[in-house]
Each structure stands twice: as C-alpha cells, then as structure tokens.
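One structure below.
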Amino acid sequence: MGFTASSDDRLTTDDYVSGGAAQTAVKILVVGHFAVGKTTFIGSISEIEPLSTEETMTQAAEAVDDLKGVRGKTTTTVALDFGRLTLSERVVLYLFGTPGQTRFVQMWEDMARGALGALILVDPERLADSFPVIDLIEQYGLDYAIAVNHFDGNPERAERALREALDLLDETPVVTCDARNEKSSAAALTTLVRYLLDRAS
Amino acid sequence: MRAGGEDLEFEPADLVRAYVITKGRELPDEQQLSLITLVTAAPQDGRRPARLTPEEQRLLDICSAGYLSVAEVAGHTRLPLGVVRIVLAALTEGGHLMTRPPVPRARNADKDLLEEVLNGLHRKFG
Ligand SMILES: Nc1nc2c(ncn2[C@@H]2O[C@H](COP(=O)(O)OP(=O)(O)O)[C@@H](O)[C@H]2O)c(=O)[nH]1
Ligand SMILES: [Mg+2]
C-alpha cells in the first residue's frame with residue numbers, strides 16, 4: 001500500500017454511482033465457504049469490475065500498541081469482495097462477499113449491519129462446510145436464501161435431502177445457480193429479494 | 001484484483017504506516033461511514049484550497065468526480081478499510097466531504113426499498 005497516486009486512482013465516469021445525490025445504498029451479503037463461488041457470483045452480475053478491500057482484524061492504533069510489545073507480530077486481514085448494481089435512480093445495491101469464518105467478528109458486524117439479507121452459496125458435495133456460515137447468518141439475524149452451486153460432473157441432489165442436511169425452515173428458499181452465469185445469478189438474487197419482501201409484508 | 005476470501009498477512013510496517021497516515025485518530029462512527037455510505041467532495045465555493053495531507057488530498061481527489069461508497073474508495077485505493085474510514089472522517093469533519101449514510105432500517109422503509117430492488121432486478125435481468 002502507499003499514498004502515491006497510482007493508476008487505480010484514475011477512475012472513469014462509470015466507476016461513480018450514477019445519480020449519486022439521490023441514491024440510497026443498500027447491501028446484500030453473498031456468503032459461503034472457501035471456493036464455493038462467491039467471487040464468481042459477484043463478478044457475473046456486478047456492473048463494476050468487482051473490487052476487493054481488506055479489513056484488518058485489529059484497529060490501526062491498537063495494532064501499533066501491540067507492535068511495541070510484540071516485535072514482528074502480524075495481524076490477520078481478510079479480503080472482502082464486492083460489486084455494485086444500480087437498480088434505479090433511487091437505489092444502488094452493493095453485494096458483499098466474504099467467507100464465513102467466525103473469528104472475523106469485527107468484519108461480520110460491519111457487513112451484517114443494515115444488510116437486507118444474505119444469499120448463502122452452498123456446494124452440495126461439501127454441505128458440512130456450510131454449517132458455520134449458516135450459523136453466523138442466523139446469529140446476526142439476517143434472512144437468507146440458499147443458492148446451490150452445481151459444479152460440473154457432480155450428481156444432482158434432491159432438494160429435500162439438502163434441506164434436511166442443512167436443517168432449513170420450510171419457508172427458506174432453495175435455488176440452484178451457476179455462479180458463472182449472469183442470468184442464473186440474477187435469478188438466485190431475485191429469489192432472495194422476493195423472499196425478503198414476503199417477510200417484510 | 002486479489003482473489004478474495006483468503007487470509008492475508010499484514011506486515012507490521014504497514015500497520016505503523018497506517019497509524020502515521022491516520023495520525024492515530026479515533027475510528028469514526030460506524031454508521032456515519034459504513035461500508036455503503038456514499039461520499040463525494042463538497043463544492044469548493046471559491047474557498048481557498050485547504051491544507052490537506054497528501055493522503056487526504058488523494059482520497060478527496062478520488063471523490064471529486066461523483067459519489068462512491070466507502071468500500072469502493074478503499075477498493076480503488078487498495079488501502080485498508082479502517083484507514084480509509086479515518087481519513088474520510090477527517091475530510092468530513094473539515095467540511096471537504098459530503099456523506100450519504102444508508103437509511104436506518106425500519107420495516108416500512110425496507111418494504112419500499114425491497115420493492116424497488118426487485119423491480120430493478122427485473123428491469124435489468126428480465
Ligand atoms: N462449475 C461451476 N464452477 C464454479 C461455479 N462458481 C464458481 N465456480 C468455480 O469455482 C472456483 C472458485 O470460485 P470462487 O468464486 O473463486 O470462490 P470463492 O472462494 O467463494 O470466492 C472458480 O474456479 C470458479 O470458476 C459454478 O456455479 N459452477
Ligand atoms: Mg473469493
């Protein structure tokens with residue numbers, strides 16, 4: 001990192017939020033275990049090149065205090081992927097993707113605060129890896145839908161078995177999704193939003 | 001772009017630099033500069049350009065051509081989110097930056113927003 005102006009600083013008009021002054025920003029989380037397809041999903045529907053930012057797990061000032069005592073100590077950071085969808089002159093939607101590690105409490109609080117809901121990506125071949133993520137989302141009180149990411153060559157699984165394995169409520173939407181495909185990803189997101197709307201009504 | 005999701009090691013030197021950049025300021029109010037708070041440079045009103053630190057100037061420059069979310073400012077500059085928040089807070093305090101925090105969540109507001117989101121998704125993706 002550094003503060004010398006870099007090529008990243010040269011933004012084009014499209015990088016800015018169109019109609020910014022009138023826009024309300026909302027966010028939805030796209031979560032799931034490592035390599036489940038979060039970055040792919042965000043990339044396939046974002047209107048901007050997906051961005052990534054790091055959240056340090058220790059606040060800057062505290063970290064320096066720590067360094068006085070512990071030479072060479074490193075602080076873990078976690079990368080947060082995100083994309084943007086301008087949906088009208090009034091609403092711009094941000095999608096934030098992050099893995100579900102419970103130890104990143106600070107980041108989870110940041111992400112979860114004010115989120116409309118969460119789309120949980122699930123690989124049916126690795127269901128157990130999704131338990132911690134689902135627990136976290138429930139812990140933060142976020143409504144969610146499940147997007148089953150069907151990887152090539154894997155057998156189709158019955159939705160009922162998956163619901164049982166993940167211990168889902170009957171009302172929780174489950175939708176299959178190819179995260180590489182824009183329409184498929186958009187359909188999964190739409191399913192979530194329709195569910196959120198039902199819950200809000 | 002770095003492949004997201006993995007743990008990254010953050011070197012102590014970077015942390016010290018981050019601290020110097022932010023002059024050890026307190027972290028700003030979480031709501032005021034949330035990930036999706038939209039920020040833009042305030043109109044100059046013919047005022048004399050203020051004395052800003054290079055990092056304040058750099059972030060203000062990025063915000064001068066329109067609105068970006070706090071997360072996007074961090075993403076474009078590749079600076080840690082915590083640092084970006086602090087510098088943006090200082091700019092806001094100094095009157096150089098305007099912020100649009102997201103609306104507080106309330107059930108009715110949510111419903112209107114969700115409807116708008118759903119309609120927008122339909123318009124965009126059919
Ligand atoms: N077949 C298939 N592959 C996918 C899908 N989504 C992601 N992938 C691949 O899975 C790998 C991991 O995806 P990535 O988005 O980086 O996962 P992340 O760690 O959750 O961000 C990449 O090689 C993707 O191309 C999908 O829906 N179907
Ligand atoms: Mg990723």
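Computed values, structure above
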| quantity | calculated |
| --- | --- |
| Interface A:B - total buried accessible surface [probe 1.4 Å, Å², rounded to 100] | 6700 Å² |
| For B:K124, solvent-accessible area (1.4 Å; no DNA, RNA or ligand), Å² | 90 Å² |
| A:D167, B:D61, A:D143, reordered so the largest accessible area comes first (probe 1.4 Å) | A:D167, B:D61, A:D143 |
| Three-way shape label, the range A:129-201, alpha-carbon gyration tensor, a/c 1.5 | oblate |
| Accessible-area order (highest first, 1.4 angstrom probe) of the listed residues A:Y140, A:Y94 | A:Y140, A:Y94 |
| Rounded accessible area of A:E54 (nearest 10 Å², 1.4 Å probe) | 40 Å² |
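The values are calculated or read from the model by the stated rules, or taken from the named source; none is laboratory data. A quick note: this is a predicted structure, and the numbers were derived from the prediction, not measured. Ligands, DNA and RNA are stripped out before the accessible areas are found, and what is left, the full protein with its side chains, is counted by its heavy atoms. Shrake-Rupley method; radii C 1.70, N 1.55, O 1.52, S 1.80 Å.
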